[in-house]
Structure formats: structure tokens, C-alpha cells
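S.K.: Before we start, here is the structure in question, set down as C-alpha cells.
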Amino acid sequence: MILLDSVTKKYPGDSAPALDAVSLHIEPNEFAFLVGKSGAGKSTLMKMITKEENPDSGKIIIGGIDLDYVKKRHIPGYRRRLGVVFQDFKLLPRRTVYENVAFALEIAGMSGKEIRKTVPKVLELVDLLDQAKKFPDQLSGGQQQRVSIARSVARQPKILIADEPTANLDKLTTEEIIGLLKKINDFGTTILVTTHNENVVNSLQKRVITLKDGKIVNDQKNHGIYKLDETPAPKIPSRAVRTPGHALKPRKKVIQ
């Protein structure tokens with residue numbers, strides 16, 4: 001579902017790469033946390049997935065789409081296939097809760113009839129149906145984040161990525177947001193979350209991937225806990241293993 005094979009990215013002027021030969025394979029329906037100190041490479045990795053940045057080398061395949069073949073004019077269409085939740089919500093301040101969610105569907109080309117049918121269901125999912133006519137500044141931070149999540153899942157994406165979705169939220173609200181993401185995952189959506197919240201990671205015990213200095217230094221596939229300071233495992237000779245890049249041949253699929 002999410003495949004990075006030996007992905008490297010170095011920004012001009014930096015002495016070290018932001019990502020250094022990173023290989024990662026997240027299966028369909030997985031819930032994974034991406035953790036690491038500031039500057040570890042988390043944001044760069046997320047930008048690779050959303051094609052805000054391109055790698056210097058390596059292969060990226062998202063939902064069966066080889067990003068090498070997504071042309072610049074097709075990037076907006078590609079991104080609409082993903083659900084993306086941001087730390088700062090990115091809601092439209094002059095539109096109501098209902099209109100914020102509906103707008104995302106309008107951009108995706110959904111008909112008015114489908115929008116009127118879909119939006120109430122999505123708002124019910126995030127427990128905001130009774131707030132549909134309110135504007136973002138009339139909501140709490142947790143409610144605004146739930147609107148952001150509603151907007152992201154309204155198109156029923158197969159993949160949802162969330163960049164620090166609980167930053168600046170209190171403990172109770174954080175638990176509600178993570179519970180909502182887990183509920184969405186239970187419906188079959190693959191979820192990747194970046195976070196600095198140790199309690200969230202440890203309470204869910206899902207897969208935990210640790211980045212340090214642009215490298216994956218720990219990948220706990222099950223019952224993961226928050227770890228930041230592991231050293232990279234020694235490399236196994238290539239003849240002894242098959243990398244995800246060998247196991248999955250990229251399809252030359254271009255977004256229309």
C-alpha cells in the first residue's frame with residue numbers, strides 16, 4: 001500500500017541527507033506510527049508520499065501508483081486519492097462545518113445529490129452532525145480537527161496520513177482523535193501517523209517506525225512502543241533477502 005525502496009533526499013546546503021536510503025513497506029489496513037526527534041526526516045518522508053517533494057533516488061509506490069509516472073499536472077488528482085490530516089486543520093474559515101466537508105467533495109467532482117447524501121454520514125462518523133451549521137472559529141480545537149478528519153475521509157480514501165494530528169490538544173481530546181483514527185482504520189483504511197506523543201503510541205501498541213538522522217533505526221511491527229534512540233541494524237547481504245522493491249514490480253500508472 002505504501003512502499004519506499006532505497007529513497008534518498010538531500011536538500012541544497014545541507015551536509016547530510018534528510019532521508020538516507022529509506023526502505024519501508026506498509027501493508028493495506030495497517031495502522032503505523034512514524035516517530036523521531038525534530039529533524040529526523042519525518043516531514044520529508046510525508047512530503048514524499050504526498051509528492052510535495054521528489055526523491056533524489058529510489059522508488060515510491062503508493063496504492064499501486066508509481067510516483068515516477070505522476071506528472072506535475074496530475075499531482076492534484078493523485079493527492080485527492082489520499083486522505084491528509086494536518087496539525088493546523090487548514091479549514092476554510094468562512095465556510096460552515098458542512099460546507100468545509102462538502103467543498104472537498106465538490107473539488108473531487110461529486111454531484112450535488114451525492115454530496116447531500118455523503119456529508120451527513122461523514123459528520124455523524126466524527127460526531128459533529130449537530131455542529132454542521134457552525135463556523136470553525138465557533139469550535140474547539142478538537143472539534144476542528146474532527147472536521148479536518150471528516151473532510152479527509154469523505155472520499156473514502158484507501159490511505160490516510162496524519163501529520164501530528166494531536167499537537168496542541170489536551171489529553172482527553174487527543175484520546176478522542178486517536179480513537180477516531182483507530183475507528184477509521186477498523187473500516188479498512190491504511191493509516192500512517194507522525195507524532196511526538198509517547199502516551200498515544202504506547203497506548204495503542206501498533207506498528208512503530210523510528211527515524212533518526214534520515215534512517216529507519218527501528219521498526220516494531222507489532223505491539224510497538226515509543227523509541228527514539230536505537231542504532232541501525234546491520235545490513236544483510238542483498239543475496240540473502242528480497243527487498244520490497246524486488247517483490248513488487250511498479251506499475252506505470254498515471255493519474256488521469
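Throughout, read-outs are computed from the coordinates displayed, never taken from laboratory work. Since the model is a prediction, treat every value here as computed from it, not as a measurement. Ideal geometry is used to build each Cβ from the backbone, glycine not excepted, and the neighbour counts take in all protein chains shown.
S.K.: Kindly provide the GluC sites (Glu not before Pro) of the stretch 88-151 that DSSP labels as loop, not H, G, I, E or B, and whose Cβ sees at most 13 other Cβ atoms within 10 Å. Don't jump to the answer; show the numbers that get you there.
M.R.: Working: sites: Glu99, Glu106, Glu114, Glu124; in loops: none.
Listed in order of number, the matching sites amount to none.
S.K.: Could you work out the relative contact order of the chain, using alpha carbon pairs under 8 angstrom and six or more residues apart, expressed as a whole percent? It would help to have the intermediate numbers written out before the result.
M.R.: Values: 476 pairs, mean separation 74.6, N = 256.
For the chain, the relative contact order is 29 percent.
S.K.: To continue, here is another question. Among Val193, Val217, Val147, whose mean-square fluctuation peaks in a Gaussian network model of the chain (Cα, cutoff 10 Å)?
M.R.: Val217
S.K.: Follow-up question, since we're still on this one. If you average the sequence gap of Cα pairs under 8 Å that are 6 or more apart and divide by the length of the stretch 93-213, what percent do you get for the contact order?
M.R.: It rounds to 24 percent for the stretch 93-213.
S.K.: With r defined as the distance between the Cβ atoms of Phe135 and Lys47 and R0 fixed at 41 Å, what FRET efficiency is calculated, to the nearest 0.05?
M.R.: 0.85
S.K.: Nearest 0.05, what FRET efficiency do His196 and Asp56 give at R0 = 41 Å with Cβ-Cβ as r?
M.R.: For His196 and Asp56, the calculated efficiency is 0.95.
S.K.: State which stretch of the chain is the longest one without any exposed trypsin sites (Lys or Arg not before Pro), exposure meaning a DSSP loop state and at most 11 other Cβ atoms within 10 Å.
M.R.: Free of exposed loop sites, the longest segment is 134-234.
S.K.: In the stretch 93-156, how does Rg compare with the Kirkwood Rh, expressed as the Rg/Rh ratio over alpha carbon atoms?
M.R.: Result for the stretch 93-156 is an Rg/Rh of 0.93.
S.K.: For Lys171 and Asp213 in one chain, what is 0.36 nm times their gap in residues minus the Cα-Cα distance, to one decimal in nm? Each step should come with its number before you reach the end.
M.R.: On the way: separation 42, 0.36 × 42 = 15.12 nm, distance 2.92 nm.
Length gained, Lys171 through Asp213: 12.2 nm.
S.K.: Kindly state, to the nearest 0.05, the FRET efficiency for Lys121 paired with Gln205, given R0 = 51 Å and r defined as their beta-carbon distance.
M.R.: 0.95
S.K.: Would you calculate the separation in nanometres between label points at Lys37 and Tyr11, each defined as 7 Å from the Cα along the Cα-to-beta-carbon direction?
M.R.: 1.7 nm
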